[in-house]
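Quick notes on the structure that follows.
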């Protein structure tokens, strides 16, 4: 914020924080180049055109006036304007404009010193004009403006002695005028510089807020996509109503960890959550690789569906690969945890309704008899097996090996014929389906 100590603007016209000062100079460098190119260019052109003024006001010494105007001021002005167009402007801006101002004031004060009385007073007054206009023409800051004012006053007094004026009152009056108007210029310099820096801080704050808002928006998007499919998340943002879609063919998998309940009795809550997180995070990776949709977890149960959005692969085969990979992963976790762990899986394929309901804690869920049947396949499966319905079996029998379990009594469904999924059919033993997982994932 602008009231932060880091953002404080010192009376010298610099930020208290050196890092912000560097940022400010870097941000303003290009604009400062353009400004000085125009302002110093116009000022130089006008100053040189005043050679005609020399010939008219002080014709007797015009050659000497032109010598200092074109021989001293012009080379200095050209060098300053050339350097002002380079990157040195970031570090040397105030030095450059101070040299430019000295050259201009020396020129008019020298001409005043060699002029007759009417020319002396006229050219001396130009120095007063220069010390007042410094902040506007060359963007002098308060320190440079004060240094310019005092050095110009000293220059005036030194060159005034060349004119041999005996009127001390005139000399004091001119010096006082230079100092007073130069101090007014310093106040203007401070106000202009502070206004520019304050504007920069405001723009900087706005940029930071925009970046923060973009980051927060991105984080919100990522969180939303963690719980909802991309198409559903987009619809949820644009539609102020419940979202529900019907799907004719979806494969639903329920999985329950075998042995986890007994293991949890021996673990601290932190250890339990950590192990469960490792297992389910591993399953989440499989879901992403197989382009499936994780629906939810309930305790140590895991639910996933295929065919809801991505139809790049056959959803029944993708779900079968998911189940087999889950079995392999649980064997790995058994060795890692030093516990006898397994998994019981149930799969069924059929029509479902999927969507998002309610106003809080959104979850993308699926409903229908297909979901209930898949859940029954899991609960009635034997530990360590993958039990599928006849519908799913018909979709997979050409690509996978099965073992018939015959008819079993299923709660709420009556007697159903089921099969146990054994694994992928080996090459040379029939039709081999597409490889949905890399070789390393099928070990």
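Rule-based calculations on the coordinates, nothing more; no lab input. Quantities reported herein were computed from a predicted structural model and do not represent experimental measurements. Here the Cβ is made from the backbone with ideal geometry for all residues, glycine too, and neighbour counts use every protein chain on show.
List of remarks:
- Working from label points 7 Å from Cα in the Cα-to-Cβ sense, the residue 180 to residue 404 distance is 11.6 nm.
- Our estimate of slack between residue 199 and residue 285, defined as 0.36 nm per intervening residue step minus the Cα-Cα distance, is 26.1 nm.
- For the chain, share of DSSP beta bridges that run antiparallel, in % to the nearest 5: 95 percent
- Pair residue 394, residue 274: separation of 7 Å Cα→Cβ label points (nm): 4.9 nm
- Helix 74-84 axis, angle to the chain major axis (alpha carbon atoms, nearest 10°): 10 degrees
- Computed from the Kirkwood radius of its Cα pairs, the Stokes-Einstein diffusion coefficient for segment 5-211 at 37 °C and 0.692 mPa s stands at 180 µm²/s.
- Gyration tensor verdict on segment 345-425 (Cα atoms; rounded if a/c is under 1.5, prolate if a/b is larger than b/c, oblate otherwise): prolate
- On the basis of the beta-carbon distance and an R0 of 60 Å, residue 369 and residue 22 show a calculated FRET efficiency of 0.35.
- Ordering of 32-40, 121-129, 316-324 by packing [mean C-beta count within 10 Å, highest first]: 316-324, 121-129, 32-40
- Once the C-beta distance of residue 214 and residue 158 is scaled by a Förster radius of 60 Å, the resulting FRET efficiency is 0.50 to the nearest 0.05.
- Maximal additional length on extending the residue 34-residue 191 stretch stands at 54.4 nm, based on 0.36 nm per residue less the C-alpha distance.
- Among 211-217, 172-178, 417-423, 372-378, the peptide with the highest mean count of other Cβ atoms within 10 Å heads the list, and the full ranking is 372-378, 417-423, 172-178, 211-217.
- On Cα atoms only, tilt of 142-163 relative to the major axis of the chain in degrees: 20 degrees
- Cα gyration tensor shape for the chain, rounded if a/c is under 1.5, else prolate or oblate: prolate
- Contact order for the chain, expressed relative to its length and based on alpha carbon pairs under 8 Å spaced 6+ residues apart, stands at 11 percent.
- For the pair residue 339 and residue 92, the difference between a 0.36 nm per residue extended length and the Cα-Cα distance amounts to 81.8 nm.
- Degrees between helix 18-49 axis and first principal axis of the chain (Cα, 0 to 90, nearest 10): 40 degrees
- Relative packing of 409-416, 343-350, which averages over residues the other C-beta atoms within 10 Å, highest first: 343-350, 409-416
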